[in-house]
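The structure appears right after this line, and notes come after that.
The values are calculated or read from the model by the stated rules, or taken from the named source; none is laboratory data. Model, not experiment: these values are computed from the prediction. Glycine gets a Cβ as well: all are built from the backbone with ideal geometry, and neighbour counts include every protein chain shown.
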Ligand code: SF4
């Protein structure tokens, strides 16, 4: 609501983690549609839980983007096609054979990373009452750096056009830019973490 009077987006994307795990996803989709900050709301998912989604999800869907990783059950695409013919949403797929490393081998002050970063203009992120210029600055401080979640964020409470413009045009790097290699990501072989703890330890080991 705080953004409605002052901002418009090409698309609002509901993603995670994995958005299909959210119990109230259809309600969230209805909210973004009612707010209409965008021309289409996009769900980005790995697709594994699509067979379990109920009619209210398919009814609310405007655009479904499936990230296909090794081990994906290809019959899910047939299910999606049958649902698309009923409910009329659009579909996109991207296949991944590897990941890209997100973290610098040697952290620095983040000045060049921020200066050259294209994500800060293309991946505006909203999370728990704060706005972020990229998803990395939303999640890295708390998940990887042991900092408060809002470290790199702008509070949505009391947001004005002036505050938003100043945030969009900032020139100082974020805390997350110190460890983020968004501009120089290197491909890594695909592998699956067996637990959140294992993922976290592996992520920290690369920082
Ligand atoms: S945290 Fe990463 S993605 Fe975000 S602005 Fe800094 S370098 Fe770019």
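A few remarks follow.
- Of the residues making up region 98-136, those that are under 11 Å from the mean Cα position of the chain (by Cα) and within 12 Å of residue 179 (Cα to Cα) number 1.
- Residues satisfying the stated conditions in region 151-190, i.e. more than 25 Å from residue 95 (Cβ to Cβ) and in a helix (DSSP H, G or I): 161, 162, 163, 164, 165, 166, 167, 168, 175, 176, 177, 178
- Residue 17 exposed (fewer than 14 other Cβ atoms within 10 Å of the Cβ) and within 17 Å of the chain's Cα centre (by Cα): yes
- Residue within region 101-120 that is surrounded by 13 or more Cβ atoms within 10 Å (Cβ to Cβ), assigned to a loop (DSSP other than H, G, I, E, B) and more than 13 Å from the ligand (Cβ to nearest atom) present: no
- Some residue of region 168-184 being more than 9 Å from the ligand (Cβ to nearest atom), outside the structural domain of residue 47 (by TED's automatic domain parsing) and in contact with a strand residue (DSSP E or B) (Cβ under 7 Å, 6 or more places away or on another chain): no
- Condition met for residue 134 (within 16 Å of the ligand (Cβ to nearest atom), touching a helix residue (DSSP H, G or I) at 6+ places or on another chain (Cβ under 6 Å) and under 23 Å from residue 14 (Cβ atoms)): yes
- Filtered residue count, region 137-162, keeping only those that are more than 16 Å from the ligand (Cβ to nearest atom) and in contact with a strand residue (DSSP E or B) (Cβ under 7 Å, 6 or more places away or on another chain): 2
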